[in-house]
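Chemist: One structure, pasted below without further comment.
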Amino acid sequence: MTTPKKPRYSRVLLKLSGESLGDKSGVGIAPEAVQHMAGQIREVRELGVQVVVVVGGGNIFRGLSGSERGIERATGDYMGMLATVINALALQDALEKLGCPTRVQSAIAMAQIAETFIRRRAVRHLEKGRVVIFGGGTGNPYFSTDTASALRANEIGAEVILKATKVDGIYDSDPKKNPKAKRFAEISYLDALQRQLKVMDSTAFSLCMDNKMPIIVFDFNKEHNLKRVVLGEKIGTLVS
């Protein structure tokens, strides 16, 4: 199959987990993992596609697991949000070393290292060809970076959320535990909810469903997969 030359999407939101920046166990920041991500993002930017990135913080600190160990939930969530900003700065550094102009915008004000999130300014950066990385989640405790992705994608007028994972789509059961697990090429929001397939948490998923924001879940570890998704190849699972 020949790859079409024209991108299918002109503005996309890429959701990265914090663990994907980490080492093999998903902890800390592994420079080679960050460089791999930056290389894939640059490929897509070179197609003329506007890219925004929302990054998680689970490789450094996860609010929910902190609260299970005695840290107050809101405090733990704020700590997790700060972790996402650390990751955003690491990704910014890798992208700029590849010649991609970027801006980090944070939902929590920290003027020395990132712009505060302003929707119009974010859109203007995209129009000027910059990659915009959103850190700080939504700026509120009790909301995940999945919810931040759904919120920002709708706010800035992205056409699709590309959820980067370690598996090649959504399965009806865990493919690691069940070798006969069936992968969906496409699935509806309602079907995914009823089957309790953990695509995103329920708040994020409802936001996407209410605003008809499609989600593509795909394997980000394979070379050039992000580019192939943006060019419209049938990779991963489309939720719509």
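Chemist: Rank 157, 76, 18 by mean-square fluctuation in a GNM of the chain with C-alpha springs under 10 angstrom and give only the top-ranked residue.
Modeler: Of 157, 76, 18, the Gaussian network model singles out 157 as fluctuating most.
Chemist: When the chain is treated as a GNM, springs tying every alpha-carbon pair under 10 Å, which of 13, 98, 21 comes out with the largest mean-square fluctuation?
Modeler: 98
Chemist: When the helices in the chain are scored as -39500 (n - 2.57) per DSSP H run of 4 or longer and the sum is shared across all residues, what 222 nm value do you end up with, to the nearest 500 deg cm²/dmol?
Modeler: Calculated mean residue ellipticity at 222 nm is -11000 deg cm²/dmol.
Chemist: Run the numbers on the chain and let me know its relative contact order in percent, using alpha-carbon pairs under 8 Å that are six or more apart. Could you put the intermediate results ahead of the total?
Modeler: On the way: 497 pairs, mean separation 54.2, N = 240.
The normalised contact order for the chain reaches 23 percent.
Chemist: I've got another one for you. Calculate log10 I(q)/I(0) of the stretch 11-239 for q = 0.09, 0.11 Å⁻¹, where I(q) comes from the Debye formula with a single equal point scatterer on each Cα and nothing for solvent.
Modeler: Cα-only, vacuum Debye calculation for the stretch 11-239: -0.33, -0.51.
Chemist: In addition: Is there a pair in 166/222; 15/227; 6/163; 15/180 whose C-alpha atoms are over 19 Å apart, and which pairs would that be?
Modeler: On the way: 166/222 9 Å; 15/227 15 Å; 6/163 21 Å; 15/180 28 Å.
As for pairs spanning more than 19 Å Cα to Cα, those are 6/163; 15/180.
Chemist: What does the charge dipole of the chain about its Cα centre add up to, to the nearest 20 debye, if the Cβ of each Lys and Arg holds +1 and the Cβ of each Asp and Glu holds -1?
Modeler: I would put it at about 560 debye.
Each value in this text was obtained by applying a stated rule to the coordinates, not by laboratory testing. Being a predicted model, the structure only gives us computed values, none of them experimental. As a convention, Cβ positions derive from the backbone with ideal geometry for all residues, glycine included, and neighbour counts pool all protein chains shown.
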